[in-house]
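Read the structure below first, then the notes.
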Amino acid sequence: MTTSPPQPPQNPYPGHPGGYGPPPEQFPQYAQPQAQPAGPPQSYEQPPQPFQQAPNQPHQPTQPFPQPGSPYQQPGQHQQPMPQNVLQCRFCGAFPAEQATVRGHQGMIVVMRFLKLQGPFCKTCGIATVREMTAKSMLQGWWGIGSMIVNPITMLMNLEPWAKFRKLPDPAPGAPGRPMDPGKPLFRRPAVLMLLLPIALITAIVVINLSTTTASEAEVGACVVNKGTAVSPNVEVVDCASSEAEYKVVGKLDGTVDDSRCDQFPGYEAAYTSEVGSQKYTLCLGPI
Ligand SMILES: [Zn+2]
């Protein structure tokens, strides 16, 4: 008598881009579809009797993983009754499943990568994929100017499939493969702290801008330093007591870049003129 142990489903899908999808160590059948040993799978429990073939039936070779929508039933096998035309999870074969696209984003300073993984997903695999790809986007999605804008949108777009998956009933038992491990909810993962990164960055820019008084705000009596060059000056206001201070503003002329009018101010040595659009002014500078 020849009995055939149940074979794990062959994965018809190649590896996922960017390392997304089920972790290889946990789902060897996804990572190395060619290297699958012929023995019984160790990663999930074998359903008992229903998989046994009748003794007089010839040995059936491993059946290819059924296409979504086709009933997962072979002659002589009476496992979980499978309704017709029901979507099956692409990853574990369970049903019900929902068609959805889960997205991720990687920013790499100059280039960026848009990642997506298409279903159908069962509830467990769907939630696992949303969590995994969103967590990775939280870590890897910020690194670039464009990515800063694209990444939050990408993560928000995962809300829709996530809501779909949550509404699905739990996968029916007896699926050919084991569903993914959903892991911890996102807000309990360290990656969620990376959501603070853009907030921290914006705060830093605002604080730096507020703490730097530009030349246009310089008043008479203030001290300034030129952090640029003579040709391309970058004049900032500094504390007169600081060693950085180079000049004291002895006079300020609004609406003009004619520095000859600085002569009226005693102690005048140098001038700084600025013209941005229609905004013109001249700082007349003297020694400290
Ligand atoms: Zn699944």
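Enter the Cα centre distance for the pair the range 237-288 and the range 169-187, rounded to the nearest angstrom.
70 Å
With a 1.4 Å probe and all protein chains kept in place, how much accessible area does T203 have, in Å² rounded to the nearest 10?
Rounded to the nearest 10, the figure is 70 Å².
Enumerate the lysines that K248 could reach by cross-link, defined here as Cα to Cα under 18 Å, with residues fewer than 8 away along the same chain left out.
Filter leaves K227.
What list of ³J(HN,Hα) values in whole Hz, one per residue of the range 158-174 in order, does the Karplus curve 6.51 cos²θ - 1.76 cosθ + 1.60 (θ = phi - 60°) give from phi, with Gly and Pro shown as x?
3J(HN,Hα) across the range 158-174, in whole Hz: 6, 5, 5, x, 4, 5, 4, 5, 5, 7, 5, x, 4, x, 5, x, x.
Hey, what's the Kirkwood Rh for the range 168-239 if you take every pair of different alpha carbons, in angstrom?
It is 17.9 Å.
Convert each backbone phi in the range 140-154 into a coupling constant with the Karplus relation 6.51 cos²θ - 1.76 cosθ + 1.60 (shift: θ = phi - 60°), then list the ³J(HN,Hα) values in order as whole Hz, x for Gly and Pro.
Per-residue couplings from phi come out as 9, x, 9, 7, x, 4, x, 5, 4, 8, 5, 4, x, 5, 4 Hz.
Based on the Cβ-Cβ distance of N234 and Q99, what FRET efficiency does E = 1/(1 + (r/R0)^6) give at R0 = 41 Å, to the nearest 0.05?
E(calc), rounded to 0.05, equals 0.15.
Please list S243, S274, S260 from largest to smallest accessible area, probe radius 1.4 Å, with all protein chains kept in place.
The ranking, largest first, comes out as S243, S260, S274.
Tell me the Rg and the Dmax, in Å, that the Cα atoms of the range 213-286 produce.
Taking only Cα atoms of the range 213-286, I get Rg and Dmax of 11.3, 34 Å.
Search the structure for amide H atoms under 5 Å from the amide H of K252, placed 1.01 Å from N in the peptide plane, and list their residues when 5 or more places away or on another chain.
Long-range HN contacts for K252: C284.
Accessible area per residue for the range 213-286 in Å², computed with a 1.4 Å probe and the full protein assembly in place, what is it?
Accessible area per residue: 57 Å².
On the full set of protein chains, 1.4 Å probe, figure out the accessible area of I109 and give it in Å² to the nearest 10.
Per-residue accessible area (I109): approximately 130 Å².
Lysines near K136 by alpha-carbon distance under 22 Å, same-chain residues fewer than 8 away left out - which ones?
Answer for K136, where 22 Å is the Cα cut-off: K116, K123, K164, K184, listed by chain and number.
Heavy atoms only, probe 1.4 Å: what % of the accessible area of the range 213-286 goes to carbon and sulfur, would you let me know?
After summing per-atom areas, the C and S share lands at 45 percent.
Any chance you could tell me what percent of the C-alpha pair distances in the range 118-185 go past 14 Å?
Percent of Cα pairs beyond 14 Å in the range 118-185: 62.
Radius of gyration and Dmax for the range 152-278's Cα atoms, expressed in Å?
Using the Cα atoms of the range 152-278, the pair Rg, Dmax is 29.2, 94 Å.
Using only protein heavy atoms and a 1.4 Å probe, report how much of E269 is accessible, in Å² to the nearest 10.
Counting only protein heavy atoms, E269 exposes about 120 Å² to solvent.
Can you give me the distance in nm between label points at V192 and K227, each placed 7 Å from the Cα along the Cα-to-Cβ direction?
Output for this residue pair reads 3.8 nm.
With r defined as the distance between the Cβ atoms of T212 and D258 and R0 fixed at 30 Å, what FRET efficiency is calculated, to the nearest 0.05?
0.65
Can you list the aspartates and glutamates whose alpha carbon is less than 17 Å from that of K167, not counting same-chain residues fewer than 8 positions off?
Within the straight-line cut-off, K167 pairs with E98.
The values are calculated or read from the model by the stated rules, or taken from the named source; none is laboratory data. Nothing here was measured: the structure is a model prediction, and the numbers come from that model. Every residue, glycine as well, gets a Cβ built from its backbone with ideal geometry; the counts of neighbours run over all protein chains shown. These area figures cover heavy atoms from the full protein model, side chains too; ligands, DNA and RNA do not enter into them. Shrake-Rupley method; radii C 1.70, N 1.55, O 1.52, S 1.80 Å.
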